[in-house]
Amino acid sequence: MDSSCGVPIPYRIIALMQERNRLFAYPMEHLAGEIKATGFRCNCCGTCCSRTVNGHIFLLDHDVAEVKKIDPAAFEPAPDPEFCDQNGTMYVSGYALRMKNDIMGSCWFLENGRCRIYDQRFSVCRTYPHMLRRNCDESGEVTWLQFAQLNEHGRYEKNLPEEECILVAREVKEYENAFFTHQISFLETIHEYFTVHTLRHDQKMYDDQMLRFLHGGRIKIMVYHAGELKEHRITKEESSGCDPCRYGAPNRR
């Protein structure tokens, strides 16, 4: 069974497991050293809290539980569905924070350039712009990325405390592990669900449904959350910002 990227799901699961193993093996002290060398400190500028920098802000399951308590209208199915079956049902790996329909495409919780739930902000918001992902450049060289968009937000200090750098490094590794684990669980669930219900990914149907959505049609989408697939029916007007360019835009994680 192939996915929307043309790679069979079991192979994708194995690849993600391998990446998670590499994450485990990455020395905490080295990441902390990179964090200290960068010297980033959040100054609440709000730059990263918009679609101009991040296509969408993905929520882990425990983040969804928290956002439901704060504002049930503040989240929605994440963009970029990974699958579409032959019957036209789309499948996406989770939820994302809703974005506003302003010029910047601001986060739902951003007001006057400030996060109104800063002390309750979500996992990725606490670690970003620090990250720990491998990336393949145009030459084919694979390198670790530990920071996103250097010098584009926040402020930079020369002497961050060692303890703070270790704490941030630990939080980054915990988030990345949780993200990989979530994606692996999603793919395992899809593989089983498609097998049991005799479904397959249909790329032409995927393209047709995305076109229908972008022209205002309502689509059925199954969202993976807390180990289950939950049904939603949405239109472009009901999704944040009503911006078709979100589909295919880079995400926060």
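Numerical summary
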{"read-out": "Rg to Rh, two decimals, where segment 9-243 supplies the alpha carbon set and Rh follows Kirkwood", "value": "0.98"}
{"read-out": "The chain: angle of helix 162-196 to the longest principal axis, Cα-based, in degrees nearest 10", "value": "10 degrees"}
{"read-out": "Cross-link reach list, lysines versus K230, counting only Cα pairs under 28 Å and skipping chain neighbours closer than eight places", "value": "K68, K69, K100, K204, K220"}
{"read-out": "Sorted peptide list for 174-182, 153-161, criterion being average Cβ within 10 angstrom, highest first", "value": "174-182, 153-161"}
{"read-out": "Whichever lysines have a C-alpha closer than 19 Å to that of K173, once near sequence neighbours (fewer than 8 apart) are set aside", "value": "K36"}
{"read-out": "Positive dipole terminus of the chain, leading residue within W108, L167, T89 (C-beta point charges)", "value": "W108"}
{"read-out": "Net +/- balance of residues flanking V168 in space, Cβ distance below 12 Å, scoring K and R +1, D and E -1", "value": "-1"}
{"read-out": "Protection proxy ranking, peptides 183-190, 128-135, average beta carbon neighbours within 10 Å, highest first", "value": "183-190, 128-135"}
{"read-out": "Shape category assigned to segment 1-116 from the gyration tensor of Cα positions, a/c cut at 1.5", "value": "oblate"}
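Laboratory data are not the source of any read-out in this text; all were calculated from the coordinates shown. Given the structure is predicted, the values throughout are model-derived calculations rather than measurements. For neighbour counting, all protein chains shown are included, and Cβ atoms are generated from backbone atoms with ideal geometry for every residue, glycine included.
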